[in-house]
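The values are calculated or read from the model by the stated rules, or taken from the named source; none is laboratory data. The shown structure was predicted, so the numbers you read here are calculated from the model rather than taken from an experiment. Cβ atoms come from the backbone with ideal geometry, glycine included; neighbour counts cover every protein chain shown. We work out accessible area using only protein heavy atoms, side chains counted, and drop any ligands, DNA or RNA first. Shrake-Rupley method; radii C 1.70, N 1.55, O 1.52, S 1.80 Å.
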Amino acid sequence: MKIHFNIDNIEIKNPVVTVGTFDGLHLGHGKVIETLVEKSNELKTESVVLTFWPHPRFVLGLNTKDLRLLNTLDEKIELFKNKGIDHLIVMEFTKEFANLTSYDFVKQILHKKLDISFLIVGHDHQFGKNREGRLDRLKRYAEEFNFGIKRVEVLSTKGLDVSSTKVRNLLNSGDVQLANNLLGYNYFIIGKVVVGDKIGRTINFPTANISVDEFKALPKNGVYAVKVNFNNTKYFGMLNIGYRPTINNKEEKKIEVHIFNFDKEIYNEKIKIIFCNHIRDE
């Protein structure tokens, strides 16, 4: 997979393209990507995923007070590497870009820059200024600019339509198992180990304090069974998210993980924490 952060000098001929933010890269997104790859193989051309960063809602200031993302950009790129696509284009989302109409986006980006041959869209896909680029308009643009188009219908599992919003809601309720079912993989965070109060080691229960991106979505406060990946070695552990009411009354959320059978000093190291199950509330 080739990764592009600039669309101006890309040399791709008649690709099959899909467009979206793809936060979480859940099973619904996976169905879109699978359709993209299948169509590119059928047409004997290349597959392109066009995504945006930062998240459009942050740039536009739309109800972002409590918005947390399922993936950082690095995490999203890593997840895409396993999807069999040829090109990932990460376009910077700006207010200027947001003012492009859906017609201008199709004409200037998909047609002129990428010379698109086929467009794959999700069931609820909308883009362009004021999210005006719905399927009926896209079909007209496809006819004008001579490319094919296909909509992928909604994917349901465990009785739920899969969406990034539903995954966030499940994490907010602590139901990481069902969130994992919708994602198609276990939800994870990647963070740096920082210095804590070192109270755990005085009771023979040392914990690593984790600092994560401020916009990263966390499961609700509580205790979780986790796996920890450090230096390509996997460990089991228990993690607590919350305010540690038995220790102090500080209004500062902490993420602490106790790694089983582990005694290394890992301050300032990055570790990956994979959520398996919610054990109990804080």
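Please give the length that would be gained between K65 and F215 if that part of the chain were fully extended, namely 0.36 nm times their separation in residues minus their C-alpha to C-alpha distance (nm, one decimal). Before the final figure, lay out the partial values.
Working: separation 150, 0.36 × 150 = 54.00 nm, distance 1.02 nm.
That pair, K65 and F215, stretches by 53.0 nm at full extension.
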**Complete:** Beyond 24 Å (Cα-Cα) in this structure, taken from K83/K254; K227/K270; K83/K112, we find K83/K254; K83/K112
**Complete:** Taking protein heavy atoms only, a 1.4 Å probe, and rounding to whole percent, the accessible area of the chain owed to carbon and sulfur comes out at 45 percent
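Holding the Cα-Cα limit at 22 Å, pick out from K39/K166; K2/K107; K192/K264 the pairs that are longer than that. Mind showing how you got there, number by number?
Values: K39/K166 28 Å; K2/K107 24 Å; K192/K264 15 Å.
Over 22 Å Cα-Cα: K39/K166; K2/K107.
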**Item:** Where only alpha carbons of the chain are counted, the Rg and the Dmax (Å)
**Value:** 21.2, 71
**Item:** F260-T157 pseudo-label distance in nm [points 7 Å out on the Cα-to-Cβ vector]
**Value:** 2.6 nm
**Message:** Which aspartates and glutamates, if any, have their Cα less than 19 Å from the Cα of K158, not counting same-chain residues under 8 positions apart?
**Reply:** D175
**Message:** How large is the accessible surface of F260 in square angstrom, using a 1.4 angstrom probe and rounding to the nearest 10?
**Reply:** 80 Å²
**Item:** Computed label-point distance, nm, for sites D74 and R140 using a 7 Å Cα→Cβ extension
**Value:** 4.5 nm
